[in-house]
Structures are given as structure tokens and as C-alpha cells.
Amino acid sequence: MVIQTLTRICADAQSVVDIYVNYDCDLNAANIFERLVNDLSKIAQGRGSQELGMSNVQELSLRKKGLECLVSILKCMVEWSKDQYVNPNSQTTLGQEKPTEQDSNETKHPETINRYGSLNSLDSTASSGIGSYSTQMSGTDNPEQFEVLKQQKEIIEQGIDLFNKKPKRGIQYLQEQGMLGTTPEDIAQFLHQEERLDSTQVGEFLGDNDKFNKEVMYAYVDQHDFSGKDFVSALRMFLEGFRLPGEAQKIDRLMEKFAARYLECNQGQTLFASADTAYVLAYSIIMLTTDLHSPQVKNKMTKEQYIKMNRGINDSKDLPEEYLSAIYNEIAGKKISMKETKELTIPTKSSKQSVASEKQRRLLYNLEMEQMAKTAKALMEAVSHVQAPFTSATHLEHVRPMFKLAWTPFLAAFSVGLQDCDDTEVASLCLEGIRCAIRIACIFNIQLERDAYVQALARFTLLTVSSGITEMKQKNIDTIKTLITVAHTDGNYLGNSWHEILKCISQLELAQLIGTGVKPRYISGTVRGREGSFTGTKDQAPDEFVGLGLVGGNVDWKQIASIQESIGETSSQSVVVAVDRIFTGSTRLDGNAIVDFVRWLCAVSMDELLSATHPRMFSLQKIVEISYYNMGRIRLQWSRIWEVIGDHFNKVGCNPNEDVAIFAVDSLRQLSMKFLEKGELANFRFQKDFLRPFEHIMKRNRSPTIRDMVVRCIAQMVNSQAANIRSGWKNIFSVFHLAASDQDESIVELAFQTTGHIVTIVFEKHFPATIDSFQDAVKCLSEFACNAAFPDTSMEAIRLIRHCAKYVSDRPQAFKEYTSDDMNVAPEDRVWVRGWFPILFELSCIINRCKLDVRTRGLTVMFEIMKTYGHTYEKHWWQDLFRIVFRIFDNMKLPEQQTEKAEWMTTTCNHALYAICDVFTQYLEVLSDVLLDDIFAQLYWCVQQDNEQLARSGTNCLENVVILNGEKFTLEIWDKTCTCMLDIFKTTIPHALLTWRPVGGELCSGSPSDAKEKLDTISQKSVDIHDSVQPRSSDGRPYQPSAGPTAGEEMSKTRPTAKFPEQKLFAALLIKCVVQLELIQTIDNIVFFPATSKKEDAENLAAAQRDAVDFDVHVDTQDQGMYRFLTSQQLFKLLDCLLESHRFAKAFNSNNEQRTALWKAGFKGKSKPNLLKQETSSLACGLRILFRMYMDESRTSAWEEVQHRLLNVCSEALSYFLTLTSESHREAWTNLLLLFLTKVLKISDERFKAHASFYYPLLCEIMQFDLIPELRAVLRRFFLRIGVVFQISQPPEQESGISKQ
């Protein structure tokens, strides 16, 4: 009956909310709503029914009633708050332009799900609606205010609870929470007003001897007003508030204060002489009431005894006898009730003593009903005079605190109901209750509670429990349907609860496979036996049962059949459709919900794939599907979705199970194709995010199959969607870049083909769209070039880089207009930064990384590009460029091994050196101030290296640069040029040749044979150190190393006696000797132009042979030399070098001991080393320069110095010649003497006099030697001319030509 009444109250939303607002939120009222829910929950769980001795049928019906009430309350709450609920199925986030027919039908569910409630509100049964406001609204409805009240009430209740255990703790808590003041008066007032305090604890607290407690007690007593009351009434009133403590001292203190207060309030009375009287009397009244009314006291006190006891208490007098008598009578009639602790005493009938007959039971029932009615009536009358404002609730916010307050008892009731009751009605009530609870938690975004209910629901589907499916009953199937409905209707609010739901759906798919009796092979990832047949014999469970943890050991096939039957309903059309609708409906979720949904779907998918033996791809497929469905979302939402999905694909694409990875890559391909079809606007980066998983998989997955597949997918995209790709090019090149270093031919081949296709065809058509990834393309090609396993590809890649240069050259505008993240680059520099520089930089990387043939090709192309397009380069571009070019010579970066290093120097460095000089020559105007210093420094570096080939090339390049560009050099540049030559000269003089000593010992032992050798200054057998110097080809470049062994090689072959450190030193010395000679040749070539001096020597010889010294030897090519551009000062500097070199060679050649020692130590060849060529050629060059200056009209200012130098040099040379003892040495000087004599013969008579007088004695000495006929002929001319000039003889007729000269 009570419950029926409640059912009606619970069905009215207004009543339910009003009860909460007016009672639970009132500080002074009982928490009716809370108690109601708690009690109903107990009834619904069937607790307490045993004590009442009910039969099972009655218990069940009572439980149902309880559940009905609970569900009804929840429905009211849902109804109340329905305006805040948005049904995802009533609107779609994809915002289609026109609603289609289908959409309007969508909202009607198939009948099967209909009984689980309509969509918009969960059919609340009769709801009076919010329209029926109570008309006598007095309070205003402000939810915040009520929420504050409710919180305060909870705090106060907690404080009272604490007080009733430990008063001080309770008071402290309430003070901390700001609900109670700190003064004794505040606390006293609280003790007066709060009825829920335990009276015993109040008494103990007031009686305590603590200073503060006393203050509180005084305040407490002072808050009583006893005026006009007779003494006993006052005492009764005082003792109503608490229970007197048991200890005498405590009672004593309380009575003392009471007496004082009583007199204070009744100052006009004459009965009591002082407060002492009142105190003693009060004490005696307490004793009297205990004596008369305590059942423990057997002998009761008489009136006479009482009066006698109070003798002399009134200031040694007695109080009036009739007064005391009246007190006695009053106390005897009605004891002073000291407040007891409330205890509810219900006489418990033991359940055994069941009531005899139905008749008696009916009688008792009526009696109890009557009793209840009376009590209720009395209570109502008691409060009928109280005027409390009644607030009629209107606000939906109230539901939040109501739900937070009551969610646990609700959940307990529904869980127990589902757990231990198979009655369908109970199950459906519980499920409906849970649904309502989830709806409320969702609407108000109460996450913890929502998750708890969803978890409960998921638990009762039995899908996630290991043994679950075997126990599946109808109620579990209904739970599954409820869960699906929740997912469908509350998707926007589910947040992390999606995890539970999607886990169940994933398991449901597995259950359906079993339910429909699918053969094991249809369950993905079944393990095959070796022969390819399925492992599974008659008494083994098929795999899927093992997967679900269904069976252990042998299988009961009947059991499996019955399971299949019970699971059968999970595969019913309605369930399958409903599950599908969750995924298709994902388009209707809002922007945050879809991200939650996707995130948890990915998590579940990850779990499915983790199984080593049976990875399942159900959720992975769903991910692909919902990606399709949601592709139409706005970019902002889609980016967030893809962040999650893309990351998932990254992981799945690297799954060790190849089938899984293949599926992932293929799905990615399809999605990407779909996405690329939409195109992309300029400056967006979304394709980049979209294609990133391909890159990730390529980077992390080492499986050739998958790598091959990724490359194929990307290739297909390029072939079919090239026009739509924008920012995606970066990823595409990144994938190919990773493929380029692969060792698998097919991968490299396909990637390269596609890259080639992009570079040749796509770039041609869509250059502006691809420009952002131009650098990536070049980098990718460079990676192909560096893959040593496929040389053909390498060469082709370099060709394609050359092709890229053409684009940059043809379309500089495209680069200029291109704006992107590098806004700090000036527009005119963009073509350099994004176009030229990457190309040249990558070529330099190829040069630094690859084998010889590829390296050489790279170098050639690099310089070809410079030569072809350099005219468009700015000055500061060149600076950047040469920074990379000079890296080729960087010692730190050179290979470690000596042989490789030598090869690198002889090939690449050599090649680069010439190329740099060519470029310099071609773009001299721009480069002279940018590059010249660097070039000189580089040449100087080359000469320093221990590599003969490179050292020669260095001097050779120096010569070329100067000869080709000297005419345009400024004075300053010439100074630099001369300084460079001087530096090279100085650092390459091989001083160690003179200072070297063999380890341990004297130079020579002084044996007679040695002494004999000493006389012969240069033995016949001595070998010129320069003999192995390679001849120069006609253009002055040394032949390539294959032409013959270098000096170093020859040396190591001839005398293996030299020890290794010495060998190294000797090799270095040799190279220095070579450089010296090359340098002399270089100076000669620069000043007089190559081959001029050789011709001159040849003609001098020929003239001498004809004895026709009519000297028409004026070689026309003379003017091509740089002589005319050099100042006299610079020429003198060069001259000093040449002479220094000459003196060094002379010193070495004269030092016979040192040469012998070196020879013995293994330096250079079969016989003793010498420096003849250096000795003669340096002097010859010096003489040519001096004589040229001597004859030069434009240098008259320098003539004096020239003449001074000439006389010194020539006389010194002749003196040296006279000391030579070796035939071969003298022979070497032949040309030198010819040159000297011929030149002197050409000068004017005036000058000839000075010279002839200087050399005359020396020349006479020379006559002693056995000279060749040509020399004798010239000497004859010389002496004849002396005769004429000094007028010793007449000139013969036929020679008149000479004198005219």
C-alpha cells in the first residue's frame, strides 16, 4: 500500500524534484528524497524481506514494485531535464544541403528496438509535465542557491555525525568549514538549536572542566530565559536540552551556574536568600527525581525525609514547608525527563514465530495501518502551524545534484536485479533504469557516474567476461540491445565510456561468428597446420572457442550446440543493423564525440590485433569505414580525427603479422586516393598529415613485402592523382628517399621509375604545385645516386638532377612567387635557396659519398650546371656555392685509408681543381673579388698535400688562371698572384735534403773510394731527381697518372731499403722538388707564355749551328706572355725566388757527401740524386726576365738595377760553371750558356762594353773545356764583337749587318 502510494508520487516529475528542493535542500528538514531512494533500493534488492517472513512470490512482486518506483523516479529526472538533451540522430554534423527522404525515416527505429523506449525522451510514464506548476509559488527557484544549501546541509550533517562521536572534533570540523562561529556564544547557540545532536555528548561537553568548555557552558545557560518561571519549571526547561553527565563534579558545575542564572532572571523574588539556596535546592530536586523514579532504588524517599533533607539551606533558615511539599508532589507526579539518546525500538519478531493464520495476519495488518494513520495524523497536526515557504521547482539543473546524491543506490538496485534475478520484467526494469541513469549522467556530463553505469551494462552483456558466452541468457541479450541503443542515442555524451561499448561490440562480432556456426577458417588468423590443412580433430575445440576462453580440454559438442543457439539471437537482423547504425551514425556525432569514438575504436582495434595467434581486424575495418563516412566533415574536425587514426595506422602498418600490415597499407591507400580526389588549396598542409603514415611505415617496417607495397601504393597515387597532390609531394619524396637506399632491386627500381616520371612529366605540367617539394625531389634523386648497389640508377639519377636544373633556369618566376614558411628569404634569392642551391648541394653530397665513376659524373654535372647557368647567379650566391665546392678538398672529410685518399686526390680533387679554374675564368668579372683569394688558398693547399699529381695540378692551374685572365687583373690582384707564387716557392724548397742525417752515424767513413768520389763533383752515374717528372701535354696539363709511375711510386720500387718513416719523408721531399721545378716552369710560362722559351732555345741552337747570328729570332708569340702586365717590382720578386731556387739546387748538387748518404739510404733510384734541372731552368728563366727588362724601353727607371743584377748573376754563374768537373753536368749547362751569350750579343755596344769587361776572364777560362760546336761558334762571335767594340780590330765586311744593329 505504501509502495503503491509512493509509485504515484514517483511518477510525477514535479513532485519528485519538489521533494528534493524543499526537504533535502532545507537545512532543517529531513533528507526525504535521499531516504526514499535508499529505502526503495533496499526493497528492490530484496533486503529485509526475510525478516518480514515473506514468501518468494511476495518478495518478487515487492522487488518489482521497488524497481518500478526507482525507474519511475529516474524517468521523471530524465523528463525534467530533457530540454538539455540533443539527440544525435535528429541532426547531422555533415550538414547536407537537403534532407533526403531516407533521413526522415532514419529516426524511426525498427520495431525490435522500440520497446526499449522512443528516441527523444525515454517514454516517461504519466508525467504531469513541467507545465503544472504549483500555483502557490512562494520561494523563487534558483538552482545555484539550492545547490549551496544542499552542500551546507551535507557539511552540517557530517559535523553532527562527528560531534555525536567526539564533540570537539565535530565542532572543529564545522568551524573549519565555516558553518560555525568560534566564540563560546556561537557554539552555545548551536547546542541549543541543533536537535540532531546526541544529548549525552552535549551533556559531557558542557560539563567538561576545560576552560573553553566552561565558557561555552556559561554562555549556554545564559541563553536560557528563566524569568517568571517557578523553580521546578525552570529546571525542567534547563534539563530538556541535554542529558546530565554522570560525574558529580560535572553536575555540580552545571547546577551552580543554573542557580546563578535563575536568580539573575528573577531578581524580584524573595524566596531564596542567595544563589546558594537555589543551587542546593536544584541538587536536591535532581536527587529526588532519581530516587522516586529509578527502578534500581527499592526504598523510596518520603515527603518528610525530603523536607528534612532541605533544612537550613536558605542562609541557615528553612524554606517554607508547603513549598518543598509542593515540589515533592510535582516530582512524584512527573519526573524531570532528562533527554535520552533516541533509539528506535521496533519489537523484532523472530522470523520463526510466523503468524498463525491468514485471519490473524489480516487483523494485525489492519491494526498496524490504524496505528500508522494515527501517528501520521498527530505528526501532521504538530507541524500544521509551521509556516515554511514552499518552493515549486522549475529548473532542470536540480537533476544534477539529485542524481549525484542518489546514483549509488540506483546502481546497486539495478545491478543486483540483473545479477540474481532471471525474471524478464525485473531485467527490463533494471535495463530501463540503467538507460535513464546513463542519459542523466550524459546530459549533465557527470563522467564518473556515467562510466560506472556503462561498465555495469557492459559487464551484464557477458561479452567481456572470459567464460561469459556459455552463460548467455535472454536478459544478457537484452542488455546487449540496451547497450547498442545507448550508443546510438547518447553517442555525443559518452566520452571514455565508448571504450566499454566498443569492446563489447568487438566481442559481439566474435560471438556472432560462433552463433552462426561459421567454420573456423572464416575466423581471421586461424593457425594452419604444416600441410595447410586445419589443425582441429574431433575432440579438440575449434579455434574460435579457445579464443573466447570457452572451453578447457575436451569439448562437449552438445554444449557447443546449445551455446550456439543461445548466442543465435545476437546475430538477429535487428542487432546486426543496430550495430551497423552505430558506425554509419558516427557522422552525426559532434566534433568532440567523434574524436572520443575514434580514439577508443583504435584502442579496441589495437587489443584485437595484439593476439599472437588470432589477430582480428574487425575494428580496423570499422576504422576504415568510419573514415569514409566522416570524410565530409570540416577540416578542423577531420584533422583531429586523423591525428588519432593516422597514429593507429602507423602502428598497425608496422605489425609483425604481414596480413595485418598489408590490410593497413591497402586501407590507407584507398583512403588516401579518396582524399586526394578532393584536392587541396595552396598553402594547406593536410595531405602531408594524411600521407605521413606511409612514410612512418616505410621508415619502421623492415619487411620487403610491405615496403614494396608502400612504394606501389605511392606510385599508383602519383600515376592517377598527380594533378591533385600539393603538400603531399613532400611525403611521396620522403617515401622514395627511404626506398632509394634499399637493397631490394624491385623496390629501388619502382621507386626510381616513379621519381623519374614525377621529375620529367609531372614537374613539367604542374610545376607551381610541386615547387614546395622541389628540394625533396632533388634530395631523393641524390639518395638514388648514392645507392652503390645499382650503378645504372645512380648515373640516371644524376642525369635527372641535371634535368631539374633546367626547370630552375626556365622558371625562376615560379620560385620568386612561391611563398611558404621561409618568408625571411628575399624574393630574388628564393630561386637560389629553393632551386639552385639544393641541386648543387646534393651534387656535392654525391661527390663526397660515392664511388669514383659516380663521383666523377656528379662533379662533371655540377660544374656543367655552373658553366651553363652561372650567368644568372648573384655574387653572394657564388659565395654560398663555393663554400660547398671547396668541401671536396676538405682534409677532415677525406677517406681515412691512404690508398683511397691518394685516389681521391689524384682523381676528384684534381678534376675539381681544373673545373674551378675554368668556372673562374668564365665568370671572372663576378668572381674575381669573391673567389680569387679562395682559389689561391686552395692551390696553395694542393701543393702542400703529399700527392704529386695534385701538387702538379695546383701549379698548373695557377698558371692557367693567370695566363687566361691576367690581362684583366688589377695591380692588387697581381700582387696577390705574386705573393701566392712566393708562398708556394718558399714552402716547397726541400731544405731537408741538405739537413737530413741517417740515423746513427757519420756521413761517410772516409774510405779512399769515397775520397775519390769527392773529387768528381757530380758522378757520371748521378740521377736527376726530376727525371721521372712526367712530361706535360701540349696544353700544359700533365698527363693523367696512367701515363707513367709517379716519382713516389718509382722511388719505392727501386730501393726497398728505405725504412717506412724515411720513405714517407723522402716521398714528401721528392714532391717538393717536383713542385719547385713545376713552379719555375709556371713562372716562365706566365711571364713569356707557354712554349715560347723552348722555341727560343731551339732557334738559338739552330742559329748557332748555321753560324748565322743574324738573329731574326724575334718570336712573335712574345706578346702573349704576362710580362707586360707585371710591374718591375713584381718581376724582381719573382726573380728573387728563381735565384733562391737556383742557389739551393747548386748547394745540393755541390754537396757530394749528403747526396751519397741519401742515395745509400734509398733516396731516388740507381745512382746518386741531383737537382740539375732545377739548377739550370731557374737560372735560365731569371736571365730571360732580366734581359727582357734590360731591352724594355718602358722600364728605363729599372735599368740600373737590372744591369747590376745581370752582371752579378752572370759572373756568378760562369764562375760556378768553371768549377764543374763532371761531363754530364757541363752538358746540362749548354743551353744556358747559349742563351746567355746570345742575349749578351744582342745588346747595344755601350752596354756590351760593361758586360764583356766583366765576363772576359771567365769566358777565356771556358775555352779550356771541350765544348760543343754550337757553343764554340757563339763564343767566336762574342770574342769577335769584343774586338770591334773595344776597337781592337776592324769589323769584317760581311758582318756589317751586325754593327748596324
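The values are calculated or read from the model by the stated rules, or taken from the named source; none is laboratory data. Computed from a predicted structure; not experimentally measured. Every residue, glycine among them, receives a Cβ derived from its backbone with ideal geometry; neighbour counts consider all protein chains shown. Please note that ligands, DNA and RNA were not included when accessible areas were found on the heavy atoms of the full protein model with its side chains. Shrake-Rupley method; radii C 1.70, N 1.55, O 1.52, S 1.80 Å.
Listing for the model above:
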read-out: The stretch 649-658, residues that are farther than 11 Å from His696 by Cβ and in contact (Cβ under 8 Å) with a residue 12 or more places away in the chain; value: Asn655, Asn657, Glu658
read-out: Residues within the stretch 174-203 that are in a helix (DSSP H, G or I) and under 18 Å from Gln151 (Cβ atoms), tallied; value: 3
read-out: So Ala406, is it open to solvent by less than 100 Å² (accessible area, probe 1.4 Å) and modelled with pLDDT under 70; value: no
read-out: The stretch 719-752, residues that are open to solvent by less than 40 Å² (accessible area, probe 1.4 Å) and at pLDDT below 85; value: Gln721, Ala722, Ile725, Ser727, Gly728, Trp729
read-out: Unmet requirement for Ser274, which otherwise passes all of (1) without any contact (Cβ under 8 Å) to a residue 40 or more places away in the chain; (2) touching an Asp or Glu at 6+ places or on another chain (Cβ under 7 Å); value: (1)
read-out: Residue within the stretch 649-661 that is within 18 Å of the chain's Cα centre (by Cα) and surrounded by fewer than 18 Cβ atoms within 10 Å (Cβ to Cβ) present; value: yes
read-out: Search result, residues across the stretch 46-77 that are outside any helix (DSSP H, G or I) and either of a type in the set (A, V, I, L, M) or modelled with pLDDT of 75 or more (or both); value: Leu52, Met54
read-out: Among (1) touching a residue at least 60 places away in the same chain (Cβ under 8 Å); (2) surrounded by 19 or more Cβ atoms within 10 Å (Cβ to Cβ) - the single one Ala603 does not satisfy; value: (2)
read-out: Pairs where the first residue, in the stretch 194-216, is in contact (Cβ under 8 Å) with a residue 12 or more places away in the chain and the second is part of a helix (DSSP H, G or I) and among the small types (Gly, Ala, Ser), C-beta under 6 Å, 6+ apart; value: Val216/Ala188
read-out: Candidate set: the stretch 205-240, residues that are under 24 Å from Asn329 (Cα atoms) and part of a loop (DSSP other than H, G, I, E, B); chosen: the one least open to solvent (accessible area, probe 1.4 Å); value: Phe226
read-out: Qualifying positions in the stretch 249-300 - open to solvent by 60 Å² or more (accessible area, probe 1.4 Å), closer than 14 Å to Asn314 by Cβ and not in a loop (DSSP other than H, G, I, E, B); value: Asp276
read-out: Residue satisfying condition, being in a helix (DSSP H, G or I), open to solvent by 60 Å² or more (accessible area, probe 1.4 Å) and within 27 Å of Glu925 (Cβ to Cβ), within set Phe863, Phe837; value: Phe837
read-out: Residues of the stretch 619-634 classified as within 13 Å of Val652 (Cα to Cα) and either of a type in the set (Phe, Trp, Tyr) or buried (at least 18 other Cβ atoms within 10 Å of the Cβ) (or both), total; value: 4
read-out: In the stretch 605-625, residue farthest from the chain's Cα centre (by Cα) [restricted to those that are of a type in the set (Gly, Ala, Ser) and closer than 20 Å to Glu500 by Cβ]; value: Ser611
read-out: Number of positions in the stretch 920-957 that are in contact with a Ser or Thr (Cβ under 7 Å, 6 or more places away or on another chain), acidic (Asp, Glu) and not in a helix (DSSP H, G or I); value: 0
read-out: Out of Val575, Val579, Val551, sole residue that is at pLDDT below 90, of a type in the set (A, V, I, L, M), part of a helix (DSSP H, G or I) and open to solvent by 10 Å² or more (accessible area, probe 1.4 Å); value: Val579
read-out: Filter result for Pro812 (closer than 30 Å to Thr906 by Cβ, open to solvent by 30 Å² or more (accessible area, probe 1.4 Å) and touching a residue at least 60 places away in the same chain (Cβ under 8 Å)); value: no
read-out: From the options Leu1237, Leu1214, residue that is open to solvent by less than 10 Å² (accessible area, probe 1.4 Å), within 23 Å of Ser1150 (Cα to Cα) and in a helix (DSSP H, G or I); value: Leu1214
read-out: Test for Lys1160: is it more than 21 Å from Glu1261 (Cβ to Cβ), of a type outside the set (Asp, Glu) and at pLDDT below 70; value: no
read-out: Matching option when the condition is open to solvent by 10 Å² or more (accessible area, probe 1.4 Å), modelled with pLDDT of 75 or more and not in a loop (DSSP other than H, G, I, E, B), among Asn38, Asn22; value: Asn38
read-out: Near pairs, Cβ below 6 angstrom, 6+ apart or cross-chain, from the stretch 715-732 (under 16 Å from Lys765 (Cβ atoms)) to any residue that is open to solvent by 10 Å² or more (accessible area, probe 1.4 Å) and of a type in the set (Gly, Ala, Ser); value: Asn724/Gly679; Arg726/Ala769
